Amino acid sequence: MKKPVIDAQNVDLTFQTNDGPVHALKDVNLQINKGDFVSFIGPSGCGKTTFLRCIAGLETPTGGSLTVNGLTPEEARKSRSYGYVFQAAGLYPWRTIAGNIKLPLEIMDFPKAEMDKRVEKVLDLVDLKGFGKKYPWQLSGGMQQRASIARALAFDAEILLMDEPFGALDEIVRDKLNEELLKLWAATNKTIGFVTHSIPEAVYLSTKIVVMSPRPGRITDVIESPLPKERPLDIRDTPEFIEIAHRVRDGLRAGHEA
Amino acid sequence: MSKIIPVLTVLVALIVIWYAAAVKMNSTWTYDQAERAGSEVTISELITDTMSQKRPLLPAPHQIMAELWDTTVEKKITSKRSMVYQGSITLKTTLLGFGFGIVIGIALATVIVLSRIGRLTLMPWAIISQTIPIVALAPIIVVLSNAVGTGTLMVPKAIIAAYLSFYPVLVSMVKGLQSPDQMQLDLLKTYGASQSEVFWKLRLPSSMPYFFASLKVSVAAAFVGAVVAELSTSAIAGLGARMLIGSQFGEPMIMWAALFAAAILAAILIFLVGGFEKLARNLMGGRAV
Amino acid sequence: MRPDTTFEKIAWPLGFGLLVLVLWEVVVRVFGVSPAILPPPTAIGAAMAGSLPILWEDWVQTVVKGALNGLWMGTLAALILALIIDRFDFLKRGLMPVANFFAALPIVGLAPIMVMWFGFDWHSKAAVVAIMVFFPMLVNILGGLAAVDPMHRDLMRTYGATHIQTLHKLRGPAALPFLFNGLKIATSLALIGAIVAEYFGSPIRGMGFRITTEMGRLATDMVWAEIVVSAVTGTALYGLVAGIEKRVTFWHPSQRG
């Protein structure tokens, strides 16, 4: 068996706040392999976003060990292993769409010609060809979120971390983007960490579903999805799909009662 | 309060820099004197001398404090040399101008919000008014108010203070009176409310947090206006007038003491109005803008 | 509500201004107001046309040498200090309240002291202006540098961006609206400071100098001529800053309109 890309052993994180310490993560153990699509699902406050931020080195665990390709998250971040997509698109309003996608490339000192080539390529990947010269505020919410995914893909990071990227979008747009994301994943074979609180979204997208529960934030169940890699939208009506969704729901409920 | 220690540190640093600058700037005079007397100056002599000159280029903070003490506590309040007396004149101008400013600001804001033509006509001029250097107008304002027979310098000074202080109130009140959203306006419409009922029952109450939030900026502007007025109308009383007198008679201590008195008075005013704002906000349910 | 047309936006304020001028002229003529108290607009216009060289000389002295020099010095000093302070959180927390308080003070009162230090010519005027604009600029720039969307900042961290890169690509642009806000305040302050400082001593030119001497001679039309010049200058400077702001921060919600 190969070494996992992301390896979390007994990860603990306690925030010190004005109202006393908050136990955000407790005893989190998880291995993510190359090419996995892992969803983190759970109610608000269960630590799913916090865990994603720990992987990205934006938060530092107070206990346990967390490695990414054998490096600390901090080192991995400095070596530019992550493409991070936030809940809101977070595009810079003073840059065009193309300018926003170039942002990480400029920071990472890509040569000029290479930048333009990559911008064209990722705009095509997220189906935004021809919108490079527009400003973010001239696009719809769904298009903005696609642009932010393009930005995360531009520098070809090995790991794509997505924090409820489609949470603010309506269901129709969300379905379409889910489908596109799967295509993208198949085309690039990236390792993806995906936070959501929609059960169908988690089941539809993932090879591995991590169910979490709050107070303290911890993992209650890890489900390996038996669904095939090819997933048309109507797979959501199959008995297999519904069965996994049931298991996720049970996991969530168990975590809630515990 | 995580701010107190950093703020104190910065203040201490400023005072240290001030002392160093005082020694540096006043040393020229000390060396000149010594050269004339044909004597040498030791470091300790230099430091004591630079901090005790009668007309220093830059007086040390403790000298200013001593002068302030002398002109506030030691002098009778009725004395022309009392900073308390002079400060009270400036305060009176400030409060008068602040009062005018509030009335004018609210009145203009009401016209601007209720009438489209009022907004189109007045808003650009309100902005332009603040880009015009009021000091240039000061002598004219004095002449004109004398011509209509106000007699004292208090009115023109208060007008200048009001000129600077009405604007923050105006801007906030326009924002506040327009703050009710379409849903709230539509609701009153379904009740068949008249224009004036909408104003009194919805617009005015919703503008109150904005109004109180503007007062601190406005009172500071009125105070700056009062000092500027005193400086530019050749006033004979008030903190600004003390600065003038200090300048005319070459008495830097008077200027610095007046400047410090002005800073202290400004701090008190801003603190009081800020406290009033907080109180009003709490009474209205603690909603901040 | 129907939207305002460009024509309406110009015609109404312009018409109102003209109406005031006409009323002024009529009142002065009908009631025979002494020109020493209030000259009619036509007399002011004539005074301006008749003394263009003097007005120009005064304008260069006060606006170009005094106000504009002080403006760039104060702004540059505030910018440099803000960039240094920004790296030290402790200093920032300590300096913000102090600078905020100083920005509210009548710093213009330093004018007589600056004249004592730097003499009658424009240097003392520029010094007053520089100190006057320094604090509002500092407060606005520091505020602007702090006003960064946390998500945008996290994004830079995931790229492993350096402090300079973050400053250049994120916090700099994000601070621009604040910078312009400060500049708008500063331009108004600059003119006030430059003119007031001339009341405390100046060479025999400058707008403040002209206003005091002509007032002494009861040549009120000339005083008004200087007022008109200062008003036009103030408005033009503000307009210039607002115009640049519109081009540079076109992306900001307040400018998209």
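The values are calculated or read from the model by the stated rules, or taken from the named source; none is laboratory data. This structure is a prediction, so every number in the text was calculated from the model and none was measured. So basically every Cβ, Gly included, is an ideal-geometry build from the backbone, and we count neighbours across all protein chains shown. Only protein heavy atoms, including side chains, enter the accessible area calculation; ligands, DNA and RNA are left aside. Shrake-Rupley method; radii C 1.70, N 1.55, O 1.52, S 1.80 Å.
Filtered by the rule that a residue be among the β-branched types (Val, Ile, Thr) and either surrounded by fewer than 20 Cβ atoms within 10 Å (Cβ to Cβ) or more than 9 Å from chain B (Cβ to nearest Cβ) (or both), the range C:228-237 gives C:Val228, C:Val232, C:Thr235. Residue check: B:Ile17 meets all listed conditions (1) within 14 Å of another protein chain (Cβ to nearest Cβ); (2) under 30 Å from B:Met208 (Cβ atoms); (3) open to solvent by 70 Å² or more (accessible area, probe 1.4 Å); (4) not aromatic (Phe, Trp, Tyr) but one, namely (2).
Of all positions in the range C:77-86, at least one carries a residue that is more than 9 Å from every other protein chain (Cβ to nearest Cβ), part of a helix (DSSP H, G or I), hydrophobic (A, V, I, L, M, F, W, C) and under 30 Å from B:Arg55 (Cα atoms). Assessment of the range A:63-86 against the conditions (within 10 Å of chain C (Cβ to nearest Cβ), within 30 Å of A:Gln31 (Cβ to Cβ), free of Cβ contacts under 8 Å to residues at least 60 places away in the same chain and in contact with a Lys or Arg (Cβ under 8 Å, 6 or more places away or on another chain)) yields at least one matching residue.
Every residue, every condition in (1) within 14 Å of chain C (Cβ to nearest Cβ); (2) in contact (Cβ under 8 Å) with a residue 60 or more places away in the chain; (3) outside any helix (DSSP H, G or I), yes or no:
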site	(1), (2), (3)
B:Ala161	yes, yes, no
B:Tyr167	yes, yes, no
B:Leu185	yes, no, no
B:Ala237	no, yes, yes
B:Gly240	yes, yes, no
B:Gly246	yes, no, no
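The single condition from (1) open to solvent by 30 Å² or more (accessible area, probe 1.4 Å); (2) under 28 Å from B:Leu231 (Cβ atoms) that B:Leu114 fails is (2). Among the residues of the range B:203-215, not a single one is part of a helix (DSSP H, G or I), open to solvent by 40 Å² or more (accessible area, probe 1.4 Å) and within 11 Å of another protein chain (Cβ to nearest Cβ).
Inspect all residues belonging to the range B:256-272 and state whether any of them is more than 17 Å from the chain's Cα centre (by Cα) and open to solvent by 10 Å² or more (accessible area, probe 1.4 Å). No - not one qualifying residue is present in the range B:256-272. Within the range C:142-201, restricting attention to residues that are aromatic (Phe, Trp, Tyr) and at the interface with another protein chain (Cβ under 7 Å from one of its Cβ atoms), the residue that is least open to solvent (accessible area, probe 1.4 Å) is C:Tyr159.
The residues of the range C:5-23 include none that are over 28 Å from the mean Cα position of the chain (by Cα) and surrounded by 13 or more Cβ atoms within 10 Å (Cβ to Cβ).
Residue by residue, here is whether (1) buried (at least 23 other Cβ atoms within 10 Å of the Cβ); (2) of a type outside the set (Lys, Arg) holds:
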site: C:Leu79; (1), (2): no, yes
site: C:Phe90; (1), (2): no, yes
site: C:Arg93; (1), (2): no, no
site: C:Pro106; (1), (2): yes, yes
site: C:Ala111; (1), (2): yes, yes
site: C:Val115; (1), (2): yes, yes
site: C:Gly119; (1), (2): no, yes
site: C:Ala126; (1), (2): yes, yes
site: C:Phe135; (1), (2): yes, yes
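Kindly indicate the residue of the range A:91-114 that is hydrophobic (A, V, I, L, M, F, W, C) and closer than 16 Å to C:Arg157 by Cα and also surrounded by the most Cβ atoms within 10 Å (Cβ to Cβ) among those meeting that condition. If we take residues in the range A:91-114 being hydrophobic (A, V, I, L, M, F, W, C) and closer than 16 Å to C:Arg157 by Cα, then A:Ile101 is surrounded by the most Cβ atoms within 10 Å (Cβ to Cβ).
Name the strands (runs of 3 or more DSSP E) wholly inside the range A:161-233 in which the number of residues that are on the phi < 0 side of the Ramachandran plot and without any contact (Cβ under 8 Å) to a residue 40 or more places away in the chain is 3 or more.
A:218-224
Counted as qualifying within the range C:163-236 are the helices (runs of 4 or more DSSP H) with 1 or more residues that are more than 23 Å from the chain's Cα centre (by Cα), namely C:163-166, C:207-216.
Residues are listed down the side, and each one gets a yes or a no for (1) in the same structural domain as B:Lys216 (by TED's automatic domain parsing); (2) closer than 30 Å to B:Trp200 by Cβ; (3) modelled with pLDDT of 90 or more; (4) of a type outside the set (A, V, I, L, M):
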| position | (1), (2), (3), (4) |
| --- | --- |
| B:Leu122 | yes, yes, yes, no |
| B:Thr131 | yes, no, no, yes |
| B:Ala138 | yes, no, no, no |
| B:Val148 | yes, no, no, no |
| B:Gly151 | yes, no, no, yes |
| B:Ile160 | yes, no, yes, no |
| B:Phe166 | yes, yes, yes, yes |
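Among the criteria (1) of a type outside the set (Gly, Ala, Ser); (2) open to solvent by 60 Å² or more (accessible area, probe 1.4 Å); (3) in contact with a helix residue (DSSP H, G or I) (Cβ under 6 Å, 6 or more places away or on another chain), the one B:Val41 does not fulfil is (2). Does the range C:242-254 include one or more residues that are touching a Phe, Trp or Tyr at 6+ places or on another chain (Cβ under 6 Å), modelled with pLDDT of 90 or more and of a type outside the set (Gly, Ala, Ser)? Within the range C:242-254 (the criterion being touching a Phe, Trp or Tyr at 6+ places or on another chain (Cβ under 6 Å), modelled with pLDDT of 90 or more and of a type outside the set (Gly, Ala, Ser)), the answer is yes, since at least one residue qualifies. Taking (1) assigned to a helix (DSSP H, G or I); (2) farther than 18 Å from A:Lys183 by Cβ; (3) under 22 Å from the mean Cα position of the chain (by Cα); (4) not basic (Lys, Arg) in turn, A:Trp137 satisfies each apart from (3). Test C:Gly216 against the criterion of being open to solvent by 20 Å² or more (accessible area, probe 1.4 Å), within 27 Å of B:Ala147 (Cβ to Cβ) and either at the interface with chain B (Cβ under 7 Å from one of its Cβ atoms) or at pLDDT below 90 (or both), and give yes or no. Spelling it out, C:Gly216 is indeed open to solvent by 20 Å² or more (accessible area, probe 1.4 Å), within 27 Å of B:Ala147 (Cβ to Cβ) and either at the interface with chain B (Cβ under 7 Å from one of its Cβ atoms) or at pLDDT below 90 (or both).
The lone criterion from (1) closer than 26 Å to B:Val135 by Cβ; (2) part of a loop (DSSP other than H, G, I, E, B); (3) not aliphatic (A, V, I, L, M) left unmet by C:Asp4 is number (1).
Residue-by-condition table, conditions (1) in contact with a helix residue (DSSP H, G or I) (Cβ under 7 Å, 6 or more places away or on another chain); (2) within 10 Å of chain B (Cβ to nearest Cβ):
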site	(1), (2)
C:Lys9	yes, yes
C:Leu23	no, no
C:Val26	no, no
C:Thr42	yes, no
C:Leu52	no, no
C:Glu57	no, no
C:Trp72	no, no
C:Thr75	yes, no
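Residues in the range C:92-110 that are touching a residue at least 24 places away in the same chain (Cβ under 8 Å) and over 18 Å from C:Ile185 (Cβ atoms) were compared, and the one that is nearest to the other protein chains (Cβ to nearest Cβ) is C:Leu95. Of the conditions (1) within 14 Å of chain C (Cβ to nearest Cβ); (2) of a type in the set (Val, Ile, Thr); (3) surrounded by 16 or more Cβ atoms within 10 Å (Cβ to Cβ), B:Val198 fails just one. Which one is it? Failing condition for B:Val198: (1). Within the range C:24-35, the set of residues being without any contact (Cβ under 8 Å) to a residue 60 or more places away in the chain, surrounded by 11 or more Cβ atoms within 10 Å (Cβ to Cβ) and not basic (Lys, Arg) comprises C:Trp24, C:Glu25, C:Val26, C:Val27, C:Val28, C:Val33, C:Ser34. Of the helices (runs of 4 or more DSSP H) lying entirely inside the range B:71-150, those containing at least 1 residues that are facing chain C (nearest Cβ under 9 Å) span B:116-131, B:134-147.
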